[in-house]
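As structure tokens, the structure follows; a few thoughts come after it.
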Amino acid sequence: MDAVLGLPVLVGLIAVALLFDFLNGLHDAANSIATIVSTRVLRPQFAVFWAAFFNFIAFMVFGLHVAQTIGTGIIDPTIVDAQVIFAALVGAIVWNIVTWALGIPSSSSHALIGGLVGGGMAKAGITAAVWSGLSKTVLAIVLSPLVGFLLAMMLVAVVSWASVRSTPFAVDRAFRILQFASASLYSLGHGGNDAQKTMGIIAVLLFSQGQLGGEFYVPFWVVLSCQAAMAMGTLMGGWRIVRTMGLRITKLTPMQGFCAETGGAATLFMATFLGVPVSTTHTITGAIVGVGAARRVSAVRWNVASSIVYAWVITIPASALVAALSYWAVQLVR
């Protein structure tokens, strides 16, 4: 274990981690509200309050399995020090800002994981990685959008069959109401999976400094701080990405919005209970593409969807590279 940090440095690093969590909420606000805004069920300013509330209370529903995975299952916690955490956060924050500015819905989660891998390997080489946890996370890059896609497509088929004798007006009115529930569930899943990633970062930092004793766990004040930071970021909104997610991939009706949110929420709930740090961005994108493709394949703007996929592929290596450069820069300064 490295030398114990002074209190100001430790507090500063925790503040940087909470800044990442805030930016995560800002960047990923679109995941929670894109469909309910694009179907005009809620105005954007009301939708962000709705999403932020359910982001915050997510810790009451889920355990802390994802935080445990991030803290101990991506890189070896015994090699973690202040420089590794700082580099990981810089890598994730820089990539988030770049993709937010360009309106690209990349994954904040995978940016953080890439940052951890880059910072850890810059210090200790490839032995820093916990390959079992990392491979599970990489597998989720493929599975989470695929599961969201399939669940949303199946829901469209079931709902369409159940509504066949109803008038379009009645269906529209019913699903405008039901979208409040589906958006709530998705925001709950978003807060439950994403906020835990920063909890894991702060907890492993505290563990590396001997602040947790000999056992890794997540203090309750860390849980509350991370949920609050994410909720505040969601309140600030992410309008550039809302436009991409809710309007550019495919045109949505309230019924399709409900199916996309419900399919995405089910995927997030399963992943969070299993402790898998999935991307909420990947999940909701897969679900939105699923409901569009259920109508007809040409309803999906595949050029937009493919550009999003390219961003997914390069997120982990790009943020890992930035983190590694940050780590080496800190070593040079020292």
Degrees separating the helix 131-162 axis from the principal Cα axis of the chain, which is the longest one: 10
Rounded accessible area per residue of the chain, 1.4 Å, Å²: 41
Built amide H within the under 5 Å cut-off of Ile75, gap 5+: Val130
Gaussian network model of the chain, springs between alpha carbon atoms under 10 Å - residue of Leu143, Leu23, Leu151 with greatest fluctuation: Leu143
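Quick check: at a probe of 1.4 Å, how many percent of the accessible area of the chain sits on carbon and sulfur atoms? Kindly include the intermediate steps, with their values, before the conclusion.
Numbers: 9930 of 13550 Å².
Result for the chain: 73 percent of the exposed heavy-atom area is carbon or sulfur.
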Helix 280-295 vs. the chain, principal-axis angle (Cα, 0 to 90°, nearest 10): 20
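Could you work out the local net charge near Thr69, counting Lys and Arg as +1, Asp and Glu as -1, over the other residues with Cβ closer than 11 Å to its Cβ?
Working: positive: Lys136, Lys197; negative: none.
Combined, the nearby Lys, Arg, Asp and Glu give +2.
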Residue among Ser187, Ser107, Ser166 with the largest mean-square fluctuation in a Gaussian network model of the chain, springs linking Cα atoms under 10 Å: Ser166
Expected 222 nm ellipticity per residue - DSSP helices of 4 or more, -39500 (n - 2.57), all of the chain, to 500: -26500 deg cm²/dmol
Part-to-part distance (alpha-carbon centres) for segment 92-131 and segment 268-293, which is given in Å: 19
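Rounded to the nearest 0.05, what FRET efficiency do Glu215 and Leu10 give with R0 = 22 Å and r taken as the Cβ-Cβ distance? Could you check?
E(calc), rounded to 0.05, equals 0.70.
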Label assignment, volume of the Cα convex hull per residue in Å³ derived from the structure, set (i) 113; (ii) 123; (iii) 179: (i)
Karplus-derived 3J(HN,Hα), 6.51/-1.76/1.60, for each residue of segment 201-207, Hz, glycine and proline x: 4, 5, 5, 6, 5, 4, 4
Accessible heavy-atom area order of Val117, Val11, highest first, probe of 1.4 Å: Val11, Val117
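Heavy atoms only, probe 1.4 angstrom, no DNA, RNA or ligands counted: give me Phe216, Phe149 ranked by accessible area, highest first. Walk me through the numbers before you get to the answer.
Numbers: Phe216 30, Phe149 50 Å².
Reading off the accessible areas and sorting them downward yields Phe149, Phe216.
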Trp100 - accessible surface, heavy atoms, 1.4 Å probe, Å² rounded to 10: 90
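The values are calculated or read from the model by the stated rules, or taken from the named source; none is laboratory data. As the structure is a computational prediction, the values presented were derived from the model and not from experiment. Counting neighbours? That spans all protein chains shown, and the Cβs are built from the backbone with ideal geometry, glycine included. Note: areas computed on protein heavy atoms with side chains; ligands, DNA, RNA excluded. Shrake-Rupley method; radii C 1.70, N 1.55, O 1.52, S 1.80 Å.
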